[in-house]
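Structure record follows, encoded as structure tokens.
The values are calculated or read from the model by the stated rules, or taken from the named source; none is laboratory data. Computed from a predicted structure; not experimentally measured. Quick reminder, even Gly has a Cβ in these numbers, built from the backbone with ideal geometry, and neighbours come from all protein chains shown. Keep in mind that these areas ignore ligands, DNA and RNA; they rest on the heavy atoms of the full protein, side chains included. Shrake-Rupley method; radii C 1.70, N 1.55, O 1.52, S 1.80 Å.
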Amino acid sequence: SITNKDDREFDLIIYGATGFTGGLACNYIAKQYAGKSLKWCVAGRSKGKLETLAAANGNPSVFIAEADDEVALNMMCAKTKAVAACAGPFSRYGKKLVGACVKQGTDYCDITGEIEFVREMIAMYDETARETGARIVHLCGHDSIPWDISTLMLHKKLKEVEKNNNAQLKRVDFYTDIKSAPSGGTLETAFDIMFGARKVTHPEVKALGYDPLLKTNIGQKSQYNVQARNITTLSSSSSLFKNIHSNINKKSTRTLFFMAGVNANA
């Protein structure tokens, strides 16, 4: 039986807490919710690292669970209302955790950018998640969230300006300046995608009969398809570039964000 969420020990467990992004999440939680009623826990496979992390972040509880240990993962997920998963590559380390959350009716979010992993999880677990009440939300990292939230806010603003609740965005163009370096997990994911073993389409993805990303919130195939029209490069000589960057005189070129294809489809 599924434990009632109101009776669970924790509000949130951060899994993969000792990684780069997991550590940032723990730092944020510790500072943002210091002295408040949030009950949270750090989890992963290394007891020593987790204990050190916890000591530096307000001493939350520690839970040890290997990514392939279904028993431990189910015990962990039964203790919390939600799991934030930060341990990638998710195609290698994330599948059984999603399955445990679905089984226990536990809400889940992750920072994956692996679109085939997302397709597989939808095909495998969407129907069961509807039954248990688990809300599974992928693609919640920096690679995707700013663009999703920005599109949502633009959509709301359009309705407000037009004073029309039925107003729809026809096109959205995003431009950003960013200075960053990939974390170890991101690099491992990239190398796995480029040089790892050839991925075979999961049987349940095939059985669904259509792209799982087109499955709607009522469990049916959308009547619409997605067509990505990302612009690979945009030179300073193009009219579109000049309209957007009217204050730039020097020669320059803009190129697409490396996650643009994933975000367009998701």
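Annotations for the structure displayed:
- Structure-based [θ]222 nm, the chain - -39500 (n - 2.57) summed over DSSP H runs of at least 4, per residue, nearest 500: -12000 deg cm²/dmol
- Reach of K36 by Cα under 16 Å, taken over aspartates and glutamates that are not fewer than 8 positions away in the same chain: E9, D11
- Extension gain (nm, one decimal) between Q227 and T52, 0.36 nm per residue minus Cα-Cα: 58.3 nm
- Of the accessible area of the chain, computed with a 1.4 Å probe over protein heavy atoms only, carbon and sulfur atoms account for 51 percent.
- Taking θ as phi - 60° and the Karplus parameters 6.51, -1.76 and 1.60, the scalar couplings of segment 54-59 work out to 4, 4, 8, 9, x, 6 Hz in sequence order, x denoting glycine and proline.
- Amide H to amide H distances under 5 Å link F10 with T80, K81, where only residues 5 or more positions off or on other chains count and H is placed in the peptide plane.
- Flagged links, alpha-carbon separation over 23 Å, of K39/K156; K170/K206; K81/K157; K95/K206; K5/K96: K39/K156; K170/K206; K81/K157
- Loop-located trypsin sites (Lys or Arg not before Pro) across segment 6-79 with a Cβ neighbour count of 13 or fewer within 10 Å are K36, with loop assigned by DSSP.
- Ligands, DNA and RNA are left out, and with a 1.4 angstrom probe the accessible area of the chain is 63 Å² per residue.
- The chain - share of DSSP beta bridges that are antiparallel (%, nearest 5): 15 percent
- Magnitude of the charge dipole for segment 1-157, about its Cα centre and with charges confined to Cβ atoms of Lys, Arg (+1) and Asp, Glu (-1), is about 480 debye.
- Across the chain, C-alpha contacts under 8 Å between residues 6 or more apart give a mean separation that, scaled by the residue count, equals a relative contact order of 14 percent.
- Charge tally around C109: other residues with Cβ under 15 Å, Lys/Arg +1 each, Asp/Glu -1 each, net -4.
- Farthest toward positive dipole pole in segment 91-131 [+1 Lys/Arg, -1 Asp/Glu at C-beta], among L97, V118, A129: L97
- If R0 equals 25 Å, the separation of the Cβ atoms of N4 and V137 corresponds to a calculated FRET efficiency of about 0.70.
- Cβ-defined net charge surrounding T80, 10 Å radius [Lys, Arg +1; Asp, Glu -1]: +2
- Cα-centre dipole for the chain with unit charges at Cβ (Lys and Arg positive, Asp and Glu negative), debye to 20: 920 debye
- Dipole magnitude (debye, nearest 20) for segment 50-120, charges at Cβ of Lys, Arg, Asp, Glu: 200 debye
- Under-5 Å amide H pairs with C140, H placed in peptide plane, nonlocal only: D110, I111, T112
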